[in-house]
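Written below as structure tokens is the structure these notes are about.
The values are calculated or read from the model by the stated rules, or taken from the named source; none is laboratory data. Note that this is a predicted model, so its numbers are computed, not measured. We place every Cβ from the backbone using ideal geometry, glycine too, and count neighbours over all the protein chains shown.
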Amino acid sequence: MPSPPTLLSLTQQLMQLPHRVDRHLWLNDVVQWVRGDRQSPGEAAARLGLLVDALLARPDLTAAWQSWWWAFLDDTDPTPLLADLGFAPRTAFISDMGQRLRMKLLPATPDTGDLGSLFLFLQPEPFDVQWLQALDEHTLGGLTRLMLPQAPAQAPPALQENLMDALTYCVGQINATGHSAEIRTRMSSRDENTRPFHDLPMALEVFRQALQQHGPHSQACQTAAQALKLQLDHCRHAAYTVYAHLQEHGISVGIVFRLRQLRHLVIRCKYLMEALLTHEPIPAMLALLAHLAQVCHDSRSIRSLWAANSHMLAEKVAQRSAENGEHYITRNAVEYRRMLGKALGGGAVIGLTTWAKFAIVGLALSPFWAGLAAGTNYAASFVLVMLLHWTVATKQPAVTAPAMAAKLKSIDNDEGVQGFVDEVAHLFRSQIAAILGNLLAVVPMVLLICLALSQLGLAPMANEAEARYVLSSVSLLGPTALFAAFTGVLLFVSSIVAGWVENAFVLHQLGSALRYHPRLRRWIGVQRAERLGLYLQSHVSGLAANISLGLMLGLVPVIAQFFGLGLDVRHVTLSAGQIAAAAFTLGLPALGTPAFSWALAGLLVIGPLNLGVSFYLAFRVALTSQSVSMANRGRIRQAIVQRIRTQPMSFLRPPATAAASEV
């Protein structure tokens with residue numbers, strides 16, 4: 001293993017670097033030596049100062065450096081670094097995602113004349129930004145004498161030309177983005193807001209001519225630069241009006257990505273102009289280099305790309321889920337009883353679903369088709385529950401969590417915190433009512449079906465082998481807790497699918513398209529087409545959530561088994577129905593067996609895990625979309641603990657008032 005570079009070895013190597021690859025590898029060694037152990041930016045800056053002093057102390061080293069420096073400038077093209085680094089080659093989210101994957105998986109080469117590619121080979125990191133900003137005046141002066149020995153107050157003509165080229169390319173991309181159809185058509189006051197993009201090329205040309213004719217330090221150039229900066233700001237503000245359109249008509253990750261690209265292009269333009277106009281080129285270039293180092297590091301992160309461009313979508317999904325979740329929170333005794341009744345209806349439907357599940361098992365289908373049939377059974381049942389305006393308890397947390405998080409906007413004072421704790425109590429009571437209603441209905445419904453099958457002389461819902469398998473599969477001694485938590489994840493995912501589908505439905509104006517579709521109108525009539533479009537516009541989220549959840553409950557275990565993961569699902573209401581069917585088949589003596597007791601214990605774990613995991617995940621997304629600080633989260637926890645100590649029954653018993661509390 002080669003020894004790490006030292007100051008002595010670096011200066012010795014500088015004397016013998018005949019080829020481009022050798023020069024670039026030497027630069028990489030310098031960067032690694034300056035970084036050191038990456039613990040102290042000040043120490044890294046001091047190491048660079050030592051290298052600069054060493055190069056200036058000996059004329060032969062200074063000459064070797066000058067030879068390296070001019071050869072480096074001749075062999076490399078800085079424009080890709082200055083104009084393209086950090087920007088996708090095609091302004092599309094998927095394109096940038098693919099580029100970042102390639103950057104992570106494929107190594108860069110030092111044998112390149114593209115300074116952007118060489119920059120990637122050096123693998124800049126946030127620590128580089130820190131030590132570049134920590135350089136002292138002595139080191140900056142030494143770098144100026146090394147890099148600009150003849151004109152220390154002005155960048156060399158070749159570098160000025162490269163900076164101007166990069167500025168031209170960035171302005172061209174800004175102009176193209178502003179004139180693209182997806183941005184232009186979504187601006188408010190379209191004619192007024194597209195005008196800054198029309199005038200931007202002229203402002204750039206005025207600046208270019210002033211720079212060439214009067215020099216970077218002239219008053220004419222400074223005035224033209226100020227006008228160009230102002231024009232860039234006008235373009236950025238005009239593009240920002242698109243966000244209001246997205247909030248109202250649906251979020252597109254691709255459009256958000258292009259708007260963020262435009263913002264970063266404006267920032268890059270200002271860095272380039274600063275490097276062109278400054279009286280101190282080296283500090284300005286180092287500031288640009290620090291900016292590029294941070295951009296290069298961020299441009300390799302897939303997580304930061306997704307987080308930056310999906311925040312608005314997460315916020316919109318949380319907002320739409322919050323609107324739906326309000327219907328599942330009861331705040332008084334009347335609403336509590338109404339929720340209990342809806343849950344009883346939902347439990348009765350799940351009883352029929354349990355019967356259909358055992359019937360599908362009896363068909364002995366291949367794993368995929370059995371999973372698809374089971375998923376279709378679940379999806380049809382969940383949709384039926386929705387159409388009848390009933391409820392299944394496990395569907396609630398993923399939509400009630402965003403509704404809870406929406407209340408966090410007003411927790412800046414104690415009254416707001418107490419109001420939020422009241423909502424927590426309302427939600428907890430609502431969940432208990434829903435679970436209680438589901439279980440009180442599903443068990444009798446399954447037993448009634450089993451009794452009817454027996455009286456009619458038909459095969460039982462579950463034979464003895466199936467009944468014993470049900471008890472063992474739900475037993476707390478097995479992986480029931482893990483499977484129940486995994487089911488909670490699927491419940492959360494279904495809410496995300498619902499929010500995404502509803503957002504896409506609004507974004508692409510599918511409701512209007514269905515209402516006025518000529519063929520659909522001829523086929524089912526004008527009024528029915530109108531009703532269909534309006535109905536789907538109001539209920540597409542619920543349909544997507546229920547259908548996706550049902551299919552995932554049936555198909556995900558099959559897909560997991562194909563990959564050898566051994567995952568399964570445990571849904572509290574379905575499991576209760578299966579235990580009831582098993583108990584009917586095995587008879588009363590089975591109720592006293594350890595297997596039945598452990599199955600009941602497993603059922604007691606499945607419910608809380610189904611609800612808790614899905615609520616936690618949805619609440620985290622909602623908290624992120626609301627940007628709630630850690631301090632306020634601590635205040636909320638303390639207030640909830642205090643309420644549990646002082647008023648524990650408020651989480652179980654609804655208020656006696658019949659009037660609904662104001663939201």
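Only one of Asp29, Asp53, Asp111 is out of contact with any Phe, Trp or Tyr (no Cβ under 9 Å at 6 or more places or on another chain), at pLDDT 90 or above and not in a helix (DSSP H, G or I). Can you tell me which? If you could, list the steps in order and put the result at the bottom.
Working: Asp29 fails: not in a helix (DSSP H, G or I); Asp53 fails: not in a helix (DSSP H, G or I).
Only one candidate passes the filter, namely Asp111.
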Using the structure shown, decide if Ala158 is part of a helix (DSSP H, G or I) and at pLDDT below 90. yes
Would you tally the residues in segment 437-460 being aliphatic (A, V, I, L, M) and surrounded by 15 or more Cβ atoms within 10 Å (Cβ to Cβ)? 10
Of the numbered conditions (1) free of Cβ contacts under 8 Å to residues at least 40 places away in the same chain; (2) outside any helix (DSSP H, G or I), Gly98 satisfies every one except a single condition; which is it? (2)
For segment 233-285, what are the residues that are basic (Lys, Arg) and touching a Leu at 6+ places or on another chain (Cβ under 9 Å)? Arg236, Arg268, Lys270
In segment 468-478, which residue that is surrounded by fewer than 22 Cβ atoms within 10 Å (Cβ to Cβ) and hydrophobic (A, V, I, L, M, F, W, C) is nearest to Leu352 (Cα to Cα)? Leu476
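Each row is one residue, and each column tells you yes or no for (1) modelled with pLDDT under 75; (2) out of contact with any His (no Cβ under 6 Å at 6 or more places or on another chain); (3) not in a helix (DSSP H, G or I).
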position: Thr585; (1), (2), (3): no, yes, no
position: Leu591; (1), (2), (3): no, yes, no
position: Ala599; (1), (2), (3): no, yes, no
position: Pro608; (1), (2), (3): no, yes, no
position: Val621; (1), (2), (3): yes, yes, no
position: Arg633; (1), (2), (3): yes, yes, no
position: Ala639; (1), (2), (3): no, yes, no
position: Arg643; (1), (2), (3): no, yes, no
position: Thr657; (1), (2), (3): yes, yes, yes
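Sort through Leu588, Leu549 and tell me the only one that's surrounded by fewer than 22 Cβ atoms within 10 Å (Cβ to Cβ) and either within 16 Å of Lys357 (Cα to Cα) or among the aliphatic types (A, V, I, L, M) (or both). Full working, then the answer.
Values: Leu549 fails: surrounded by fewer than 22 Cβ atoms within 10 Å (Cβ to Cβ).
None of the others qualify; the one that does is Leu588.
Given the residues Leu81, Leu146, Leu132, which is the only one that is touching a Leu at 6+ places or on another chain (Cβ under 8 Å), modelled with pLDDT under 90 and among the hydrophobic types (A, V, I, L, M, F, W, C)?
Working: Leu81 fails: modelled with pLDDT under 90; Leu132 fails: modelled with pLDDT under 90.
None of the other options fit; the residue is Leu146.
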Look through Leu490, Leu551, Leu532, Leu574 and report the one residue that is out of contact with any Pro (no Cβ under 9 Å at 6 or more places or on another chain) and without any contact (Cβ under 8 Å) to a residue 60 or more places away in the chain. Leu532
Meets criteria (more than 30 Å from His249 (Cβ to Cβ), modelled with pLDDT of 95 or more and assigned to a helix (DSSP H, G or I)) for Tyr378: yes
Find the residue count for segment 329-350, including only residues that are surrounded by fewer than 22 Cβ atoms within 10 Å (Cβ to Cβ), among the charged types (D, E, K, R) and either outside any helix (DSSP H, G or I) or free of Cβ contacts under 8 Å to residues at least 24 places away in the same chain (or both). 2
Determine whether Thr353 is of a type in the set (Val, Ile, Thr), crowded, with 17+ Cβ neighbours inside 10 Å, modelled with pLDDT of 95 or more and in contact with a helix residue (DSSP H, G or I) (Cβ under 9 Å, 6 or more places away or on another chain). yes
For segment 179-218, which residues satisfy the criterion of being modelled with pLDDT of 90 or more and in contact with a Leu (Cβ under 8 Å, 6 or more places away or on another chain)? Leu200, Ala203, Leu204, Val206, Phe207, Leu211
Does segment 446-467 contain at least one residue that is part of a helix (DSSP H, G or I), among the β-branched types (Val, Ile, Thr) and closer than 18 Å to Thr593 by Cβ? no
Just one of (1) over 22 Å from Leu232 (Cβ atoms); (2) buried (at least 21 other Cβ atoms within 10 Å of the Cβ); (3) at pLDDT 80 or above trips up Glu280, so point out which. (2)
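Yes/no per residue for (1) in contact with an Asp or Glu (Cβ under 6 Å, 6 or more places away or on another chain); (2) of a type outside the set (A, V, I, L, M); (3) more than 30 Å from Met103 (Cα to Cα); (4) at pLDDT below 90:
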site: Ala220; (1), (2), (3), (4): no, no, yes, no
site: Leu232; (1), (2), (3), (4): no, no, yes, no
site: Tyr243; (1), (2), (3), (4): no, yes, yes, yes
site: Ile251; (1), (2), (3), (4): no, no, no, yes
site: Ile255; (1), (2), (3), (4): yes, no, no, yes
site: Arg260; (1), (2), (3), (4): no, yes, no, yes
site: Tyr271; (1), (2), (3), (4): no, yes, no, no
